[in-house]
Amino acid sequence: MSLRKILALAATTLAFAAPAAAQNPYAPVNPPQPTEAPGKVEVIEFFWYGCPHCYSLEPAVANFVKNTPKDVVFRRVPALPSEAWGEAAKMFYTLEAMGQIEAKHQKVFDAIHQERLNLNNKKIREEWLAKNGIDVAKYNEMEKSFSVATKLQKAKQMTYAYKVDSVPRLVVNGKYYTGPEVAGGTQNMFPVAEKLIEMARKEK
């Protein structure tokens with residue numbers, strides 16, 4: 001079965017599979033990956049704008065971002081296991097490069113999951129951008145920039161290095177990860193992540 005089909009199947013079955021996996025709420029990253037925040041605990045969220053589980057997790061993500069401990073660095077990384085997820089990842093990094101990601105991140109999720117808009121479609125995306133006060137010409141220019149291309153390539157590399165085969169996923173310090181399928185549902189992911197953060201602190 002292709003990775004794309006596996007991801008699609010995982011997205012529809014996580015809610016049913018999670019309870020059975022609840023006894024083991026996290027798993028090791030094998031092999032462990034280097035972090036980009038020396039001296040701090042790094043937490044990475046791998047996500048996809050089209051994922052309903054990522055959408056349901058977003059309020060908890062936003063709360064964590066607001067209350068991130070001083071010794072913790074949080075990063076969002078759009079997973080890129082296939083080109084089918086490429087447009088969503090490109091939108092994330094383009095908005096980030098324009099300084100719009102914090103203001104528009106939730107709005108992108110809402111557009112996809114509440115308004116049922118296909119933002120992969122250029123015409124629909126540009127109409128949405130204009131409606132939300134973003135200069136479409138500047139967006140299209142930034143979308144083609146070297147910085148966005150570089151970040152997309154890095155996201156693809158990280159997706160494979162961390163062996164991300166389902167989202168959402170929280171990775172702590174490059175060593176441990178949790179997700180709905182191992183934590184027992186999205187509602188348990190951040191409580192598990194908090195425990196992993198404590199583990200990481202003790203390992204310093």
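Since every read-out is calculated from the coordinates, none of them should be taken as a lab result. Because the structure is predicted, anything quoted here is derived from the model rather than measured. Quick reminder, even Gly has a Cβ in these numbers, built from the backbone with ideal geometry, and neighbours come from all protein chains shown.
Structure notes:
- Only one of the listed residues (K70, K40) is touching a residue at least 24 places away in the same chain (Cβ under 8 Å) and of a type in the set (K, R). That residue is K40.
- All conditions but one from (1) under 16 Å from the mean Cα position of the chain (by Cα); (2) over 15 Å from P78 (Cβ atoms); (3) of a type outside the set (G, A, S) apply to I134; the one that does not is (1).
- Taken together, A183, A193 contain a single residue that is aliphatic (A, V, I, L, M), touching a strand residue (DSSP E or B) at 6+ places or on another chain (Cβ under 6 Å), in contact (Cβ under 8 Å) with a residue 60 or more places away in the chain and buried (at least 19 other Cβ atoms within 10 Å of the Cβ), which is A193.
- Among the residues making up region 163-173, a single one is surrounded by fewer than 20 Cβ atoms within 10 Å (Cβ to Cβ) and not acidic (D, E): K163.
- Residues of region 91-144 classified as of a type in the set (S, T, N, Q) and within 20 Å of K66 (Cα to Cα), total: 2
- Residues being closer than 23 Å to G39 by Cα, among the aliphatic types (A, V, I, L, M) and either in contact with a Pro (Cβ under 8 Å, 6 or more places away or on another chain) or in a helix (DSSP H, G or I) (or both) - total across region 169-204: 6
- Helices (runs of 4 or more DSSP H) wholly inside region 100-162 containing at least 3 residues that are touching a residue at least 24 places away in the same chain (Cβ under 8 Å) and farther than 22 Å from P59 by Cα: 136-143, 146-161
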